[in-house]
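*Asks:* Mind having a look at this structure? Questions to follow.
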Amino acid sequence: MQDFRTEELAGWGRYPRCPGPVARPRHAEAVGALIGAGGVIARGNGRAYGDSAMGAAATLDLRRLNRMLSFDDQAGRLVAEAGVLLGDVIATFLPRGWFPWVTPGTKFVTLGGAIAADVHGKNHHRDGAFGTFVDWIDVMGADGEVVRASRDENSELFAWTLGGMGLTGVILRAAIRLRPVESGWIAQTTIPAQNLAEAMDAFEAADDASYSVAWIDCLASGAALGRSLVMTGEHVQADDLPPDRRTHPYRTPRKRQLSMPFDAPTAALNRFSVGAFNALYWRRGLRAPRKALVDWDSYFYPLDAILGWNRIYGRRGFVQFQCALPLNASEAGLRALLSETAVAGQGSILAVLKRFGPQQSRFSFPMAGYTLALDFPANARTLALLDRLDAIAADHGGRFYLAKDARLSAATLHRADPRAAAFRAMRRETGCDRAFASAQSERLLL
Amino acid sequence: MTDTVLVLGGRSDIGRAVAHRFAAAGHPVALAARNAPDLEADRADIAIRHDVEATLHEFDALDTDALGDFVDAFDPVPGIVVSAIGAMGDQTTSETDPAAAAQVMRINYEAPAQVLELFAARMAARGGGTLVGISSVAGDRGRAVNYVYGSAKAGFTAYLSGLRNRLWGTGVHVVTVKPGFVETRMTEGMDLPGALTARPEAVAETIFQAVARGRSVVYVKPVWRAIMIIIGAIPEPIFRRTRIGS
Ligand SMILES: Cc1cc2nc3c(=O)[nH]c(=O)nc-3n(C[C@H](O)[C@H](O)[C@H](O)COP(=O)(O)OP(=O)(O)OC[C@H]3O[C@@H](n4cnc5c(N)ncnc54)[C@H](O)[C@@H]3O)c2cc1C
Ligand SMILES: NC(=O)c1ccc[n+]([C@@H]2O[C@H](COP(=O)([O-])OP(=O)(O)OC[C@H]3O[C@@H](n4cnc5c(N)ncnc54)[C@H](OP(=O)(O)O)[C@@H]3O)[C@@H](O)[C@H]2O)c1
């Protein structure tokens, strides 16, 4: 076990935290010797919020497997090791006219993490999740053998691994497709919505927009419940850029990188400061021009501008609630979730609403309907609130995003998501249950 | 034209970081190592990320007789050659096993000195070039815990200093790099003091800047220069009794 060293581990929410042995292999070939012990889990850049990437027995930090192996500049197909960061993909290929087809709200995720959580972006309603653009993956299974899996070859393994949260094996390499873009700019349209019904109407009206997302003021209640700013976006073609940008369409202003050097006092975020922030943000949104030209970094990754922003929630960390609701129950479900949150007064600064297209992979999170994500500081009151939100989501036929979860109960998960039982059965049959386990998979009986 | 950068010890964490840093500035890079084909993924990564030419070269620094052919195979001679070769060895083993000690001395001193000397001649003949030798602060003063390694690094540091002086006026410049602790395969599993420990990328940045500015001797974190001045000034009887000395 000399390859392992004990370190304190946590997800992005820094809740829960717990020490455990970690190894950092330098080569794909070295991974085999590390999974022998059993109960291990792969870890990417630790951007999952909770305990998905904390091994039950040991953790394999794969960020050193970060080599780009080949690029087909006709098809836009990149073959790379799983530890390559999405941000590095953009840095390398945007200047050559390519951008990821699907990106989460941070560029600091690895390809392995993006595949294992089958992450979604602001374009799920049109383009699907990250896995749609994965042509194949090399996966190291319980027996240490590396298997190439795709839609045609080892298709069962492929289907379970997209969204499988590292519990089907270690993804070593992947082939992913990028989309051609003519510039690094996004034309953004902001649509203020006075309440939830207006926001949902705006989403449905924007069905053909490439990107759409809404920021919700989740402290607004009564007639203003669900008051939000719906933002759509389109990649800008070179000819549509202002003349001074046309010569270097991929060049965008370099941004100042801020960082959060210390933990904010726990009391810094309370109903008053959050309320004031949300009201301010809302009023600014109303005044802002409806149409704006925004660079890709500010548009897709506003939070990445502040490194370590997770410390704003203080030492105790924070938790995120994210569920997906089926279309026919979305309005009722969202209304109930937002009312419960507004009443509790545990407002979250980051409340995000998105429209989802249909589920594609076996165990991935998205389903046709809406998804709501809320952040809360981790404390007894918000944890109790989250239990109530779980029940509301489950009652409306919703399901939960494992990449955000840190505290769901196994009973709630299995009640809300019958796929979990099939996933578990598959793990038992393939021997993956013994080889691969995270703190989350043990808690949720996956 | 941007100079090609040859990295001797291309598998090392520092060597790869150096290759990436120069490639990012548009330099073609060549990685030399034992079992070079194993480095194909690293080669591809450098070529793809930085859109430069990257090549692999089989190289055993201890195969003295083959060094001449190895060097001659580069035609034209690379503009910049960086030696990241080295090995810590095991101090206790070195104390009892002269062959093991010889190996540590050879890989940290003899081999890099010999190969850089051969490149120096070709660079001088061409009228220009830069040689970079990665030595160590361990060569600034012998310590009980690693003096076999440290003494070899001291020899290498002195060699680089002499070489620099000999080449004065030929257009060939020699940079001596003295890292303190660096987080690499060499130090894996050791408890390194966080504030004094550099990442390989920081070493690479230091080297890149030193080459660009024609510096002669560089430490990696500025604090190390101060530390080594102080350590160098401690009288031997006292040094013996300190934690650093022993
Ligand atoms: C600010 C922010 C915004 C976000 N926005 C979104 C969003 O819009 N949409 C969205 O879908 N998600 C979003 N996320 C969540 C994030 O995209 C996912 O959690 C993603 O999985 C993180 O990738 P990672 O490399 O950090 O993986 P980690 O967090 O380290 O791991 C996540 C999971 O992937 C598994 N895994 C990682 N690497 C491998 C591998 N090589 N082989 C097998 N399994 C592996 C782990 O076992 C774990 O289960 C956001 C997160 C943050 C912090
Ligand atoms: N890490 C530190 O704290 C630190 C501090 C000061 C100085 N340094 C110096 O920095 C340099 C790079 O070291 P590192 O930390 O990156 O460690 P490393 O990965 O162990 O690098 C040592 C390199 O030397 C090569 N090498 C050893 N014997 C060789 C031989 N016979 N022929 C060819 N190559 C040989 C190794 O090649 P293989 O891959 O083929 O084994 C490897 O590339 C070394 O000179 C080291 O002394 C390191």
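The values are calculated or read from the model by the stated rules, or taken from the named source; none is laboratory data. Predicted model only: the values in this text are computed from it and were never measured. Virtual Cβ from ideal backbone geometry, glycine too; neighbours counted across all protein chains shown. SASA here: full protein model, heavy atoms, side chains in, ligands and nucleic acids out. Shrake-Rupley method; radii C 1.70, N 1.55, O 1.52, S 1.80 Å.
*Asks:* Please go through region A:418-446 and pick out each residue that is outside any helix (DSSP H, G or I) and either among the polar types (S, T, N, Q) or open to solvent by 10 Å² or more (accessible area, probe 1.4 Å) (or both).
*Replies:* A:Pro418, A:Gly431, A:Ser438, A:Leu445, A:Leu446
*Asks:* Report yes if A:Leu413 is open to solvent by 30 Å² or more (accessible area, probe 1.4 Å) and not assigned by TED's automatic domain parsing to the domain that holds A:Ser155, otherwise no.
*Replies:* Taking the combined requirement at face value, the residue does not satisfy it.
*Asks:* Let me ask something additional. Answer yes or no: is there a residue in region B:121-140 that is within 14 Å of chain A (Cβ to nearest Cβ) and part of a strand (DSSP E or B).
*Replies:* Within region B:121-140, none of the residues are within 14 Å of chain A (Cβ to nearest Cβ) and part of a strand (DSSP E or B).
*Asks:* Which condition from (1) within 25 Å of A:Pro21 (Cα to Cα); (2) in a helix (DSSP H, G or I) is the one that A:Ala391 breaks?
*Replies:* Going through the list (1) within 25 Å of A:Pro21 (Cα to Cα); (2) in a helix (DSSP H, G or I), A:Ala391 breaks only (1).
*Asks:* Would you confirm whether or not region A:296-315 contains a residue that is in contact with a Phe, Trp or Tyr (Cβ under 8 Å, 6 or more places away or on another chain) and away from ligand 1 (no atom under 16 Å from the Cβ)?
*Replies:* No, that holds for no residue.
*Asks:* Here is a further query. Assess whether A:Leu372 counts as being assigned to a loop (DSSP other than H, G, I, E, B) and either in contact (Cβ under 8 Å) with a residue 40 or more places away in the chain or open to solvent by less than 10 Å² (accessible area, probe 1.4 Å) (or both).
*Replies:* Considered against the rule, which asks whether it is assigned to a loop (DSSP other than H, G, I, E, B) and either in contact (Cβ under 8 Å) with a residue 40 or more places away in the chain or open to solvent by less than 10 Å² (accessible area, probe 1.4 Å) (or both), A:Leu372 comes out as no.
*Asks:* Let me ask something else. Condition (residue is modelled with pLDDT of 95 or more and crowded, with 21+ Cβ neighbours inside 10 Å) applied to region A:375-383: is it met by at least one residue?
*Replies:* The answer is no, given that none of the residues of region A:375-383 is modelled with pLDDT of 95 or more and crowded, with 21+ Cβ neighbours inside 10 Å.
*Asks:* Based on what the data block shows, is B:Arg122 open to solvent by 50 Å² or more (accessible area, probe 1.4 Å) and touching a strand residue (DSSP E or B) at 6+ places or on another chain (Cβ under 9 Å)?
*Replies:* Judged against the criteria, B:Arg122 is a match.
*Asks:* Here is a further query. Scan (1) within 14 Å of another protein chain (Cβ to nearest Cβ); (2) more than 9 Å from ligand 1 (Cβ to nearest atom) for the single condition A:Ala58 breaks and write down its number.
*Replies:* (1)
*Asks:* Looking at region B:96-110, can you tell me whether even one residue there is open to solvent by less than 40 Å² (accessible area, probe 1.4 Å) and within 14 Å of chain A (Cβ to nearest Cβ)?
*Replies:* no
*Asks:* For region B:32-45, give me the residue count where each residue is within 20 Å of the chain's Cα centre (by Cα) and within 13 Å of another protein chain (Cβ to nearest Cβ).
*Replies:* 4
*Asks:* More than 10 Å from A:Phe300 (Cβ to Cβ) and crowded, with 22+ Cβ neighbours inside 10 Å: is that true of A:Asp118 in this structure?
*Replies:* yes
*Asks:* Quick check on region A:22-39: of everything there that is within 11 Å of another protein chain (Cβ to nearest Cβ) and of a type outside the set (Lys, Arg), which residue is surrounded by the fewest Cβ atoms within 10 Å (Cβ to Cβ)?
*Replies:* A:Glu29
*Asks:* Can you confirm whether region A:75-94 contains a residue that is within 13 Å of another protein chain (Cβ to nearest Cβ), within 16 Å of A:Gly169 (Cβ to Cβ) and over 23 Å from the mean Cα position of the chain (by Cα)?
*Replies:* no
*Asks:* Residues that are in a helix (DSSP H, G or I), more than 18 Å from the chain's Cα centre (by Cα) and modelled with pLDDT under 90: does region A:343-351 have at least one?
*Replies:* Yes, some residue in region A:343-351 is in a helix (DSSP H, G or I), more than 18 Å from the chain's Cα centre (by Cα) and modelled with pLDDT under 90.
*Asks:* Quickly run through region B:222-244 and pick out the residues that are crowded, with 17+ Cβ neighbours inside 10 Å and more than 18 Å from B:Thr157 (Cβ to Cβ).
*Replies:* If the condition is that a residue be crowded, with 17+ Cβ neighbours inside 10 Å and more than 18 Å from B:Thr157 (Cβ to Cβ), then B:Phe239 is the only one that fits.
*Asks:* Let me confirm something: among B:Pro179, B:Pro200, B:Pro193, which residue is in contact with a helix residue (DSSP H, G or I) (Cβ under 6 Å, 6 or more places away or on another chain) and either away from chain A (no Cβ under 14 Å) or of a type in the set (Val, Ile, Thr) (or both)?
*Replies:* B:Pro179
*Asks:* If you don't mind, another one. For A:Ala37, state whether it is farther than 25 Å from A:Trp309 by Cβ, modelled with pLDDT of 95 or more and more than 10 Å from ligand 1 (Cβ to nearest atom).
*Replies:* Taking the combined requirement at face value, the residue does not satisfy it.
*Asks:* Another one. So, in region B:185-230, of the ones that are part of a helix (DSSP H, G or I) and touching an Asp or Glu at 6+ places or on another chain (Cβ under 7 Å), which residue ends up nearest to ligand 2 (Cβ to nearest atom)?
*Replies:* My answer is B:Arg185.
*Asks:* Could you say which residue among B:Ala19, B:Ala25 is open to solvent by less than 30 Å² (accessible area, probe 1.4 Å) and more than 9 Å from chain A (Cβ to nearest Cβ)?
*Replies:* Answer to the selection: B:Ala19.
*Asks:* Here are the criteria: (1) surrounded by fewer than 19 Cβ atoms within 10 Å (Cβ to Cβ); (2) charged (D, E, K, R); (3) touching an Asp or Glu at 6+ places or on another chain (Cβ under 9 Å). Tell me which single one B:Arg49 does not satisfy.
*Replies:* Against the list (1) surrounded by fewer than 19 Cβ atoms within 10 Å (Cβ to Cβ); (2) charged (D, E, K, R); (3) touching an Asp or Glu at 6+ places or on another chain (Cβ under 9 Å), B:Arg49 comes up short only on (1).
*Asks:* Can you name every residue in region A:1-21 that is away from chain B (no Cβ under 14 Å) and in a loop (DSSP other than H, G, I, E, B)?
*Replies:* Passing the criteria: A:Gly11, A:Trp12, A:Gly13, A:Arg14, A:Tyr15, A:Pro16.
*Asks:* Exactly one condition in (1) outside the structural domain of A:Ala129 (by TED's automatic domain parsing); (2) within 27 Å of A:Tyr370 (Cα to Cα); (3) open to solvent by less than 20 Å² (accessible area, probe 1.4 Å) is false for A:Leu241; which is it?
*Replies:* Result: A:Leu241 passes all but (2).
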